[in-house]
Amino acid sequence: MKLNELRDNKGARQGRVRVGRGIGSGLGKTAGRGQKGAKARSGVSIAGFEGGQMPLHMRIPKRGFNNIFAKDYAEVNVGAIQKMIDAGKLDAKSTLDHDALKAAGLARGGKDGVRILGKGELKAKLALKVAGASNGAREAVEKAGGSIELIERKNPAELAAAKKGKVREKRLADQAAAAKA
């Protein structure tokens, strides 16, 4: 056998059927869709519709809920951080924060910051500035001689309430000044 004799098995690559191209093909006119009705039209067969019978996704009981107050942390293991330091993608001497971990490709997402978890081994002495850390991660970092600084996250509702109060006080002060003038 030579390279120029290499071929696919017979029937391994089948050409695309061009429907609606004449009566002689056997798939002309209605193109294998039958006559009329929703399924004969383009783009309108309803997924999950069972002909009026209660659909499966509605027959099954509801379960659980979505916590709208849940914090969204990017979770990073200490072993992964050590791996990146060994690869030279992270500088162990500088303070590691969300931006540094994101640049190294470790922290994906996490609008509420980074949380360090304790899976893996850590040899490097690190200074971390993160939103949270598990007990195992804290022990691993301190055992290696490093430190973890936790960032205080302000509650958005409290910030909004404080802002609203300041805006109201400013408006009242402006009104009092206008009344004197």
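The values are calculated or read from the model by the stated rules, or taken from the named source; none is laboratory data. Being a predicted model, the structure only gives us computed values, none of them experimental. Quick reminder, even Gly has a Cβ in these numbers, built from the backbone with ideal geometry, and neighbours come from all protein chains shown.
What residue, of A179, A140, is part of a helix (DSSP H, G or I), of a type in the set (A, V, I, L, M) and within 25 Å of G79 (Cβ to Cβ)? Walk me through how you get there before you give the answer.
Details: A179 fails: within 25 Å of G79 (Cβ to Cβ).
Answer to the selection: A140.
Looking only at residues of the range 26-36 that are surrounded by 10 or more Cβ atoms within 10 Å (Cβ to Cβ) and among the small types (G, A, S), we find that the one that is farthest from the chain's Cα centre (by Cα) is G28.
Among the numbered conditions (1) within 21 Å of N135 (Cα to Cα); (2) not in a loop (DSSP other than H, G, I, E, B), the only one that A100 does not meet is (1). Counting only residues that are surrounded by 10 or more Cβ atoms within 10 Å (Cβ to Cβ), assigned to a loop (DSSP other than H, G, I, E, B) and not basic (K, R), the range 11-25 holds 4 of them.
Any residue in the range 95-118 that is touching a residue at least 60 places away in the same chain (Cβ under 8 Å) and either surrounded by 13 or more Cβ atoms within 10 Å (Cβ to Cβ) or of a type in the set (G, A, S) (or both)? So far as the range 95-118 goes, no, none of its residues is touching a residue at least 60 places away in the same chain (Cβ under 8 Å) and either surrounded by 13 or more Cβ atoms within 10 Å (Cβ to Cβ) or of a type in the set (G, A, S) (or both).
Just one of L128, L122 is of a type outside the set (G, A, S), surrounded by 14 or more Cβ atoms within 10 Å (Cβ to Cβ) and assigned to a loop (DSSP other than H, G, I, E, B); which is it?
On the way: L128 fails: assigned to a loop (DSSP other than H, G, I, E, B).
The conditions single out L122.
Residues that are assigned to a helix (DSSP H, G or I), hydrophobic (A, V, I, L, M, F, W, C) and under 30 Å from the mean Cα position of the chain (by Cα): does the range 46-69 have at least one? Within the range 46-69, one or more residues are assigned to a helix (DSSP H, G or I), hydrophobic (A, V, I, L, M, F, W, C) and under 30 Å from the mean Cα position of the chain (by Cα). Within the bounds of the range 33-55, is there any residue that is touching a strand residue (DSSP E or B) at 6+ places or on another chain (Cβ under 7 Å) and among the aromatic types (F, W, Y)? No, the range 33-55 contains no residue that is touching a strand residue (DSSP E or B) at 6+ places or on another chain (Cβ under 7 Å) and among the aromatic types (F, W, Y).
Looking only at the range 54-70, decide whether some residue is under 24 Å from E149 (Cα atoms), surrounded by 13 or more Cβ atoms within 10 Å (Cβ to Cβ), out of contact with any Ser or Thr (no Cβ under 8 Å at 6 or more places or on another chain) and modelled with pLDDT under 90. No, every residue in the range 54-70 fails to be under 24 Å from E149 (Cα atoms), surrounded by 13 or more Cβ atoms within 10 Å (Cβ to Cβ), out of contact with any Ser or Thr (no Cβ under 8 Å at 6 or more places or on another chain) and modelled with pLDDT under 90. Taking G145 as the residue in question, decide whether it is modelled with pLDDT of 85 or more, part of a loop (DSSP other than H, G, I, E, B) and either of a type outside the set (V, I, T) or exposed (fewer than 14 other Cβ atoms within 10 Å of the Cβ) (or both). Considered against the rule, which asks whether it is modelled with pLDDT of 85 or more, part of a loop (DSSP other than H, G, I, E, B) and either of a type outside the set (V, I, T) or exposed (fewer than 14 other Cβ atoms within 10 Å of the Cβ) (or both), G145 comes out as yes.
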